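Following: one structure in structure tokens, then a few remarks.
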Amino acid sequence: MSQDNENTEFFVGYLQAPAGISKFYKIVVPVLLLFAMGFSFWVSSAQKSAGQGVWDLSGEVEVRGYLTVDPYPVIHITGEQPRSVILVEQTKMGAGESARPYANQWVSVSGFAITRGDWTMLQLVPSSTFTVLEDAGAAPLAAIDMGEVELTGEIIDSKCFLGVMKPGAGKAHRACASMCLRGGIPPLLVVKNAQGEKYGFMLMNENGGSASIELANQVAVPVTLSGRMEQRGDMMYIRYSEGSVEKLSSTSLASYGESLAYN
Amino acid sequence: MSHDYVAVQWNHRKKVYDIALWAGIALYIAVFMLVSIVQHPGIEALSPMTLLIRALATLAFFLLSIILCIGPLARLNTKFLPLLYNRRHMGVSMFIVALAHAVLATIWYHSFGVQNPVVAIFSSPGSFDSAADIAFQPFGFFALLILFVMAATSHDYWNANLGAPIWKALHMGVYIAYALLVIHVALGAMQDDSTGLVPAMVGLSVLTVGSLHLAAAVVSRKADKEIAAEEPWINLGSWREIENNSAITASVGNNERVAIFRYEGNKLAAVSNVCKHQNGPLGEGRVIDGCITCPWHGFQYRPEDGRAPAPFEERIATYQLMLEGENVLLNPLALPEGTERPVTEIVDMIAST
Ligand code: HEM
Ligand code: FES
């Protein structure tokens, strides 16, 4: 009788591991760990920049200007450096309700600033209150008609795109963008020109009303749309024609230049 | 060898395994976050939450791919058996990582809005007009559900109470979950990706998992002696082809597989190839301390009667053998589980050399 088959490789969980096996794992385990780290490095380093939006939660800022609420609440700062500041709530909600009682007056209000390039947004906080200022002159607003346009770009929710979520565009973010629009956050059409520069146009419907809810299903994919462009304060709007929005989703989104999530 | 049920049977080796596993998980997430913080500093920084969601997602997918490779690797080379022994710990850890990804994604993308977050997963905008337009979140949700059921029933308690065949079938669900996740990624992250990274990641995984399964299937088919069940006594060839303390396997009709062991040099015994614990391949096991020992988790059976040594109670089917010169003949009709039958002895080992 022979016990010839010396056990050097066969592993049983509750017995002492054979020497051959222990040696094998002293190599395999570190190799596997290194492989995992390499994989992590590879995947992470392939992520692209999501632009230069900043959601500054370090301190509240005060904005003073002329408040309009149709179709979206915007404070127009006049003077040397005119600027139109979009107002939103803390969550995925527009600030139309809070702002409406103070419409068409000079106000000041504080909140957290969200900025990206030339764009500024103010996120109200629960303690934000609108203070009506002494009449500081005539209402500065007249809409300037810029004519018919047809544009190709991506409809995004302005709050996430301007800096709250990075990236705040593209398919990964699509469900969120849709939720934001349904909550009344203003939709923005972001367009890239041949030089890769980005332009944003606030979208409203033909009657000049909010287009948030009606565009909630057409966000985060490349589209073409047409309508009339107009300037109000420091901001460009498009009154898009109903039925003109066409998804360009026959191709992968990524092949629409770079996805607009990226700079 | 089997056991009573305790929460988890810990031993030193499992602890080392778990420490290595969770150190790896922590390191992976740390590397992922750090690389991005260095690469996109200051106002270019990506949201930490997005980074975490992506780190957890890719890590869960990586772990799942490894888990799916362990089975075929262990069939191709017994050196990988220790990974199999602790595969369930890796499975449960992978589930925890995937769950963290899903919960954070649901909070980040689907909460704080006008709709219930879980409902919002299913009302993500999209259409079936084109692949780019199909919502990807529900695929992740259903994959998570499958992974949850598997993690929740991973303990031996469920295995014993559901019965090995049902448990095994349930745990085949992992392949459905894997397929759902490939779709989740292809319709989601891949649509935003212009670097080719995401298709490379998914392709690499599918290719590795697929080819290892194929290779393992080919190898175990080759090892099998294929025989029609009706044949009365089947000739399996010389006993010399059976290494001492090891087995050869044969399939006898209806997917029944038999393991024929040689042990103590001159004894031969045939039993079912299927372990009562989790259907482990007994024919790839060894005879240790006089017992057939399963390669997966070490359950044991006596070659004489197919019963686990006391106090354990598992029983497997046995088969009759006889010798015709050097040739081993197998009766393909299984005897009831735990039936004792005479062990076949090779009488004149030298003379027949
Ligand atoms: C309720 C369930 C789930 C939801 C809502 C969900 C949501 C998401 C979202 C929003 C993304 C895009 C993230 C981004 O790129 O910023 C994503 C990506 C991903 N998810 Fe899920 N997910 C779910 C379940 C799962 C599960 C169970 C897994 C298991 C492994 C998984 C694996 C992945 C992977 C691998 C990616 C690609 C990450 C990348 O390459 O950046 N997901 N998921
Ligand atoms: S010991 Fe677990 S399958 Fe055999």
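The values are calculated or read from the model by the stated rules, or taken from the named source; none is laboratory data. All values derive from a computational prediction rather than experimental measurement. Glycine gets a Cβ as well: all are built from the backbone with ideal geometry, and neighbour counts include every protein chain shown.
Only one of (1) more than 16 Å from ligand 2 (Cβ to nearest atom); (2) in a strand (DSSP E or B); (3) within 27 Å of the chain's Cα centre (by Cα) is not met by B:ALA269, so which one is it?
Failed condition: (3).
Within the range B:268-280, take every residue that is more than 19 Å from B:THR78 (Cα to Cα) and in contact with a strand residue (DSSP E or B) (Cβ under 6 Å, 6 or more places away or on another chain) and give me the one that is farthest from ligand 1 (Cβ to nearest atom).
Of everything passing the filter in the range B:268-280, B:LEU268 is farthest from ligand 1 (Cβ to nearest atom).
Looking only at the range B:63-79, which residues are more than 16 Å from ligand 1 (Cβ to nearest atom) and in contact with a Gly (Cβ under 9 Å, 6 or more places away or on another chain)?
B:LYS79
Inside the range B:103-148, can you point out the residues that are small (Gly, Ala, Ser) and within 8 Å of ligand 1 (Cβ to nearest atom)?
Scanning the range B:103-148 gives B:ALA105, B:GLY140, B:ALA143.
From the list B:LEU162, B:LEU197, which residue is of a type outside the set (Asp, Glu), more than 14 Å from B:GLY140 (Cβ to Cβ) and within 14 Å of chain A (Cβ to nearest Cβ)?
The conditions single out B:LEU197.
Quick one: count up the residues across the range B:1-43 that are modelled with pLDDT of 90 or more and not in a helix (DSSP H, G or I).
So the answer is 2.
For the range B:53-80, name all the residues that are more than 20 Å from A:PHE35 (Cα to Cα) and modelled with pLDDT of 95 or more.
The one that is more than 20 Å from A:PHE35 (Cα to Cα) and modelled with pLDDT of 95 or more: B:ILE53.
Quick check, is B:ILE53 more than 16 Å from ligand 2 (Cβ to nearest atom), more than 7 Å from chain A (Cβ to nearest Cβ), without any contact (Cβ under 8 Å) to a residue 60 or more places away in the chain and crowded, with 19+ Cβ neighbours inside 10 Å?
yes
For every residue, the table says whether it meets (1) buried (at least 18 other Cβ atoms within 10 Å of the Cβ); (2) in contact (Cβ under 8 Å) with a residue 40 or more places away in the chain; (3) more than 13 Å from the chain's Cα centre (by Cα).
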| residue | (1), (2), (3) |
| --- | --- |
| B:MET150 | yes, yes, no |
| B:HIS155 | no, yes, yes |
| B:LEU162 | no, no, yes |
| B:ILE166 | no, no, yes |
| B:MET172 | no, no, no |
| B:ILE176 | no, no, yes |
| B:ALA179 | no, no, yes |
| B:HIS184 | yes, yes, yes |
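When you scan the range B:98-113, do you find a residue that is more than 7 Å from chain A (Cβ to nearest Cβ), farther than 23 Å from B:ALA152 by Cα and not small (Gly, Ala, Ser), even just one?
Looking through the range B:98-113, at least one residue is more than 7 Å from chain A (Cβ to nearest Cβ), farther than 23 Å from B:ALA152 by Cα and not small (Gly, Ala, Ser).
Would you call B:TYR319 more than 16 Å from ligand 1 (Cβ to nearest atom), out of contact with any Phe, Trp or Tyr (no Cβ under 6 Å at 6 or more places or on another chain) and more than 14 Å from every other protein chain (Cβ to nearest Cβ)?
Yes; evaluated as a whole, the condition is true for this residue.
All but one of (1) out of contact with any Phe, Trp or Tyr (no Cβ under 6 Å at 6 or more places or on another chain); (2) under 29 Å from B:LEU83 (Cβ atoms); (3) not hydrophobic (A, V, I, L, M, F, W, C) hold for B:ASP305, so report the exception by its number.
Condition not satisfied by B:ASP305: (2).
Being within 12 Å of chain B (Cβ to nearest Cβ), over 19 Å from A:LEU133 (Cα atoms), part of a loop (DSSP other than H, G, I, E, B) and hydrophobic (A, V, I, L, M, F, W, C): is that true of A:ALA36 here?
In short, no.
When you scan the range A:87-107, how many residues do you find that are β-branched (Val, Ile, Thr) and either at positive phi or part of a strand (DSSP E or B) (or both)?
Number of matching residues: 2.
Does B:LYS222 meet the test of being more than 14 Å from chain A (Cβ to nearest Cβ), basic (Lys, Arg) and either surrounded by 14 or more Cβ atoms within 10 Å (Cβ to Cβ) or not in a helix (DSSP H, G or I) (or both)?
So B:LYS222 does not fit the description; no.
Answer yes if at least one residue in the range B:105-116 is surrounded by 21 or more Cβ atoms within 10 Å (Cβ to Cβ), at pLDDT below 95, assigned by TED's automatic domain parsing to the domain that holds B:ILE176 and small (Gly, Ala, Ser), and no otherwise.
yes
Confirm whether B:ILE67 is buried (at least 19 other Cβ atoms within 10 Å of the Cβ), in contact with a Lys or Arg (Cβ under 9 Å, 6 or more places away or on another chain) and within 23 Å of B:PHE139 (Cβ to Cβ).
Criteria met by B:ILE67.
Quick one: in the range B:244-257, which of the residues that are of a type outside the set (Val, Ile, Thr) and in contact with a strand residue (DSSP E or B) (Cβ under 7 Å, 6 or more places away or on another chain) is nearest to B:THR318 (Cα to Cα)?
B:ARG257
For B:HIS297, which of the numbered conditions (1) surrounded by 16 or more Cβ atoms within 10 Å (Cβ to Cβ); (2) in a loop (DSSP other than H, G, I, E, B); (3) more than 14 Å from ligand 2 (Cβ to nearest atom) fails to hold?
In the conditions (1) surrounded by 16 or more Cβ atoms within 10 Å (Cβ to Cβ); (2) in a loop (DSSP other than H, G, I, E, B); (3) more than 14 Å from ligand 2 (Cβ to nearest atom), B:HIS297 misses (3) alone.
Quick one: B:LEU323 ticks every box in (1) among the hydrophobic types (A, V, I, L, M, F, W, C); (2) at pLDDT below 90; (3) buried (at least 18 other Cβ atoms within 10 Å of the Cβ) bar one, so which box is it?
(3)
So which strands (runs of 3 or more DSSP E) stay within the range A:164-244 end to end and still have 3 or more residues that are touching a Ser or Thr at 6+ places or on another chain (Cβ under 8 Å)?
The qualifying strands (runs of 3 or more DSSP E) are A:187-192, A:198-204, A:222-232.
For (1) within 14 Å of chain A (Cβ to nearest Cβ); (2) modelled with pLDDT of 90 or more; (3) closer than 25 Å to B:LEU162 by Cβ; (4) more than 16 Å from ligand 1 (Cβ to nearest atom), each residue gets a yes or a no:
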{"position": "B:GLU256", "(1), (2), (3), (4)": "no, no, yes, yes"}
{"position": "B:ILE260", "(1), (2), (3), (4)": "no, yes, no, yes"}
{"position": "B:ASN266", "(1), (2), (3), (4)": "yes, no, no, yes"}
{"position": "B:LEU282", "(1), (2), (3), (4)": "yes, yes, yes, yes"}
{"position": "B:ILE292", "(1), (2), (3), (4)": "yes, yes, yes, yes"}
{"position": "B:TYR301", "(1), (2), (3), (4)": "yes, yes, yes, yes"}
{"position": "B:PRO332", "(1), (2), (3), (4)": "no, no, no, yes"}
